[in-house]
Amino acid sequence: MANSVFIQNPISIYDDRPGIAYHFPKIYLRRVEECLGDWVIIYEGKKGALGYTSVVKIDAIVEDPSKPNHYFAVFEEGTQWEFEQTVPRNNPFGLAYEHSLRGHDGSAMSGGASVSAVRRISFDEFSSIVSAGLKPLEGPNALPREAMFDAQGSTGFADGQAPFVGPLLQEFRKEVLTSRPARDQSFARAVKAAYQGRCAISGLDLRNGGGRAEVQAAHIRPVKDKGPDIVINGLALSGTVHWMFDRGLISVGENFEILVSENKVSSEVRGRLIAPGGKLFLPRNPRHHPHPEFLKYHRENIFGAAA
């Protein structure tokens, strides 16, 4: 097993499937095979976030039945975890995180190995990037509704999650990267920040006395159904709307129109909880918009299923 960096852009000539699989040509087959059963880091180029964006575990490699000499690296279901911080190629000291990409001054070079779609990295490089990526977001939009108290009784803005560091990852690798509580906290911060604390369905931006957003982060494809912890599989929703969404009383159509189970939700409730116009309030950044495949999953497997 080995760690690697995979380049996977939101817009690509490859048949990539966010949260599900990575599409690649045969030239990289041997390198990808080395990663089976281990974790890799996803990097987006200029067409995306321009940085390291998530970590995911590789479960299998299957041949593409429709395109010769191409394969899919299948992700272990539910393992993709989006970084709260997009990690640039250079660390805070101006040195490339990937040693093989360092130029004469230590910073990341252009061209050469940097354009290789699959790049081997050491565990130290892997842990440094993950540590930087999972540094908790700050600001009122990303914070939990209730302030966390430290040992001195001060509230502040921290929510209690310590940054991940290399030794911690190396010693508790499985526990850290598969920790449900850590993932839930991280996912919530990222989704709420992407939607700027506003409910995607009601349009309301409710704040408590400390200025913290009252919205919750909802998985579109649920965790119990192996939904990944990435922003495009999330919606920021107020408590009641979140419950309705999870129960299948409301959903989202192909054009981001809000769908309502007419025989289960009264017109009065619809009028109170769904914004006029009946369209989803989307994040400003298009790369955070809900992915069509996750919305389709919710419509086909959850919407209208409540007894």
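Just so you know, all these numbers are worked out from the coordinates, no wet-lab data involved. Remember, it's a predicted structure, so these values are computed and weren't measured experimentally. Counting neighbours? That spans all protein chains shown, and the Cβs are built from the backbone with ideal geometry, glycine included.
Indicate the helices, whole DSSP H runs only, in the chain that combine a mean Kyte-Doolittle hydropathy of -1.0 or more with a Cα extent along their long axis of 18 angstrom or more.
Values: long enough: 180-194 (21 Å, -0.72).
Both cut-offs are met by 180-194.
How high is the relative contact order of segment 3-133, in percent, with contacts defined as C-alpha pairs under 8 Å that are six or more residues apart?
On the way: 261 pairs, mean separation 36.5, N = 131.
Over segment 3-133, the number comes to 28 percent.
Please work out how much length the chain gains when fully extended from R17 to S122, using 0.36 nm per residue of separation minus the C-alpha to C-alpha distance, in nm with one decimal. Kindly include the intermediate steps, with their values, before the conclusion.
Details: separation 105, 0.36 × 105 = 37.80 nm, distance 2.59 nm.
That pair, R17 and S122, stretches by 35.2 nm at full extension.
How much length is gained if the chain between R180 and D105 is pulled fully straight, taking 0.36 nm per residue apart and subtracting their Cα-Cα distance, in nm to one decimal?
Details: separation 75, 0.36 × 75 = 27.00 nm, distance 4.01 nm.
Here the segment from R180 to D105 would lengthen by 23.0 nm.
Check cross-link reach from K46 to the lysines: straight Cα distance under 29 Å, and skip same-chain residues fewer than eight apart.
Counting by Cα, and skipping residues close in sequence, K46 has these lysines nearby: K26, K57, K67, K135, K192, K296.
What is the set of long-range amide H partners of S202 at a cut-off below 5 Å, with H atoms built 1.01 Å from backbone N?
Under 5 Å from the amide H of S202: S238, A275.
Evaluate the charge dipole of the chain about its Cα centre and quote only its size in Debye, nearest 20, assuming +1 on the Cβ of each Lys and Arg and -1 on the Cβ of each Asp and Glu. Walk me through the numbers on the way to the answer.
Values: 35 positive and 35 negative charges, 107 e Å.
For this selection, approximately 520 debye.
What is the projected area of the convex hull of the Cα atoms of segment 194-301, averaged over all directions, in nm²? Each step should come with its number before you reach the end.
Working: hull surface 27.8 nm².
Computed as one quarter of the Cα hull surface, the answer is 7.0 nm².
Is the shape of the chain rounded, prolate or oblate, going by the alpha carbon gyration tensor and its root eigenvalues a ≥ b ≥ c, with a/c under 1.5 for rounded and a/b larger than b/c for prolate? Before the final figure, lay out the partial values.
Values: a/c = 2.11, a/b = 1.38, b/c = 1.53.
Oblate, because a/c is 1.5 or more while a/b does not exceed b/c.
In nm, what is the difference between 0.36 nm times the number of residues separating K46 and N263 and their Cα-Cα distance? Walk me through the numbers before you get to the answer.
Working: separation 217, 0.36 × 217 = 78.12 nm, distance 4.65 nm.
Length gained, K46 through N263: 73.5 nm.
For the chain, modelled as a Gaussian network with Cα springs under 10 Å, which listed residue fluctuates most, G112, G227, G37?
Looking only at G112, G227, G37, the largest GNM fluctuation is found for G112.
As an exercise, take the mean of 1/r over every pair of distinct alpha carbons in segment 3-133, invert it, and state the Kirkwood radius in angstroms.
Values: mean 1/r = 0.0673 Å⁻¹.
Result for segment 3-133 stands at 14.9 Å.
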